[in-house]
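Engineer: Structure below; questions to follow.
The values are calculated or read from the model by the stated rules, or taken from the named source; none is laboratory data. For clarity, every value in this text was computed on a predicted model and none was experimentally measured. Reconstructed Cβ throughout: ideal geometry from the backbone, glycine too, with neighbour counts over all protein chains shown.
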Amino acid sequence: MQLDILTICYIAASVTFIMGLKMLSSPATARRGNLVAAAGMLVAIIGTIFLYKDENGNSLHNYSWIFAALIIGAIIGVVAAKKVKMTAMPEMVSFFNGMGGACAALISVIEFDYVFRTAEKVQTLHFADSVATGHFLAIAAGAIIGSISFAGSMVAWGKLNGSFKDVVFKAQHSLNLLVFALVIVLAFVTYFASNQYADYFFIATVLLALIYGVLFVLPIGGADMPVVISLLNSFTGVAAACGGFLYNNKAMLTGGILVGAAGTLLTILMCKAMNRSLTNVLIGSFGSKENTTSGSATTNSGSYKEISTSDAAMVMRYANKVMIVPGYGLAVAQAQHTCHELEKL
């Protein structure tokens, strides 16, 4: 009966995630959608803590550690969200996204450690003999994607607050592709390696994934960072979905799929709007000098002039057509309603 109630909690959480995402599509319902999805996550967390039982019928323990971590994390999150300035919101989103990637990666690391210790007990010759292929693929994907998301998000956070500068050098394409290829090769080597060396290969896989995450974001300019943050956000979602597969957790699986799909679609739309190539984003040279394409996407045409408010009113009074190009500053000033009133006039 407890398992049935927990399943209902996960289904309810999954439904609230979908409803919340739908409500986020409109400014009028976005705040309420955020609260609805958060309530569903709270139900899933509480249900897991008090209703979950393993295959031997054992419940979770160490409640003091669990709730201490929840309270500390909640306090840090609330204080950070309250104090952050609107102009610093992108870097806070990048930081929080990095924490999600790290969490997903650690889940895979812990699961690998559990499987590896089990393999040592049964004394199989090769690691592949003690773990199903699909199970290992979920572990490896979660560890690799989560590590890339964590490292990349931390670099993006540092670049947005001015701690890191753009780093562009020759053969950056080749180096990034080489590191990524080594990550994939080491993951396969881990699966087919003997139990004596499998853990070393897995550690090397995670470390190289972290290095790739850093190299992936280093060359990207600040103006292009929102696209990369969106892509890294989708990576975190995919890594979380891998955790859902590992633990057969419907809420984690649904949330990860939603974040991964939404982040991927947003990345593609932003690249298309900016006349950029998603391939350049994936190989880590997006926005770098060696990939600057010729054409109107990188050059300014026409002329512009800053004028006073009264002059702007005079110009618009006699203009046949007016084009308003909103930027991030308009959102920070919360002037969208005033801009809409101007549009109607």
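Engineer: Quick one: ILE184 ticks every box in (1) surrounded by fewer than 18 Cβ atoms within 10 Å (Cβ to Cβ); (2) of a type in the set (A, V, I, L, M, F, W, C); (3) under 17 Å from LEU218 (Cβ atoms) bar one, so which box is it?
Structural biologist: ILE184 satisfies all of (1) surrounded by fewer than 18 Cβ atoms within 10 Å (Cβ to Cβ); (2) of a type in the set (A, V, I, L, M, F, W, C); (3) under 17 Å from LEU218 (Cβ atoms) except (3).
Engineer: Inspect all residues belonging to segment 206-214 and state whether any of them is more than 20 Å from THR236 (Cα to Cα) and assigned to a helix (DSSP H, G or I).
Structural biologist: no
Engineer: Scanning segment 28-62 for residues that are assigned to a loop (DSSP other than H, G, I, E, B), among the polar types (S, T, N, Q) and at pLDDT 85 or above, which turns out farthest from LEU6 (Cα to Cα)?
Structural biologist: THR29
Engineer: Of the residues in segment 115-134, how many are at pLDDT 80 or above and on the phi > 0 side of the Ramachandran plot?
Structural biologist: Result for segment 115-134: 0.
Engineer: Do the conditions hold for GLY134, that is, is it in the same structural domain as VAL259 (by TED's automatic domain parsing), among the small types (Gly, Ala, Ser) and closer than 30 Å to ILE220 by Cα?
Structural biologist: No, not satisfied.
Engineer: Can you name the residue in segment 312-342 that is outside any loop (DSSP other than H, G, I, E, B) and β-branched (Val, Ile, Thr) and, of all such residues, is nearest to the chain's Cα centre (by Cα)?
Structural biologist: VAL332
Engineer: Select from segment 250-266 the residues that are surrounded by 22 or more Cβ atoms within 10 Å (Cβ to Cβ) and over 17 Å from MET99 (Cβ atoms) and write down the one among them that is modelled with the highest pLDDT.
Structural biologist: Once the filter is applied, the top-ranked residue is THR254.
Engineer: Consider VAL115 carefully, then state whether it is closer than 15 Å to ASP199 by Cα and outside any loop (DSSP other than H, G, I, E, B).
Structural biologist: yes
Engineer: Over 17 Å from the mean Cα position of the chain (by Cα) and either more than 21 Å from GLY47 (Cα to Cα) or part of a loop (DSSP other than H, G, I, E, B) (or both): does that describe THR236?
Structural biologist: No.
Engineer: So GLN336 passes all but one of these: (1) modelled with pLDDT under 75; (2) touching a Pro at 6+ places or on another chain (Cβ under 9 Å). Which condition number does it fail?
Structural biologist: Every condition holds for GLN336 apart from (1).
Engineer: The conditions are (1) surrounded by fewer than 11 Cβ atoms within 10 Å (Cβ to Cβ); (2) hydroxyl-bearing (Ser, Thr, Tyr); (3) touching a residue at least 12 places away in the same chain (Cβ under 8 Å), and SER108 fails exactly one of them. Which is it?
Structural biologist: All conditions are met except number (1).
Engineer: Counting only residues that are part of a helix (DSSP H, G or I) and in contact with a Ser or Thr (Cβ under 9 Å, 6 or more places away or on another chain), which one in segment 217-226 is surrounded by the fewest Cβ atoms within 10 Å (Cβ to Cβ)?
Structural biologist: Among those residues, the one meeting the criterion is MET225.
Engineer: When residues of segment 120-131 are filtered for being closer than 21 Å to VAL185 by Cβ and surrounded by fewer than 22 Cβ atoms within 10 Å (Cβ to Cβ), how many remain?
Structural biologist: 4
Engineer: Across segment 148-172, what is the total count of residues that are surrounded by fewer than 16 Cβ atoms within 10 Å (Cβ to Cβ) and either within 16 Å of the chain's Cα centre (by Cα) or not in a loop (DSSP other than H, G, I, E, B) (or both)?
Structural biologist: Residues flagged as surrounded by fewer than 16 Cβ atoms within 10 Å (Cβ to Cβ) and either within 16 Å of the chain's Cα centre (by Cα) or not in a loop (DSSP other than H, G, I, E, B) (or both) within segment 148-172 amount to 0.
Conditions tested, residue by residue: (1) surrounded by fewer than 17 Cβ atoms within 10 Å (Cβ to Cβ); (2) under 22 Å from PHE188 (Cα atoms).
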{"residue": "ASN56", "(1), (2)": "yes, no"}
{"residue": "PRO90", "(1), (2)": "no, no"}
{"residue": "ALA104", "(1), (2)": "no, yes"}
{"residue": "ASP113", "(1), (2)": "yes, yes"}
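Engineer: Just one of SER296, SER277 is under 26 Å from PHE180 (Cβ atoms), at pLDDT below 85 and surrounded by fewer than 20 Cβ atoms within 10 Å (Cβ to Cβ); which is it?
Structural biologist: Exactly one of SER296, SER277 is under 26 Å from PHE180 (Cβ atoms), at pLDDT below 85 and surrounded by fewer than 20 Cβ atoms within 10 Å (Cβ to Cβ), namely SER277.
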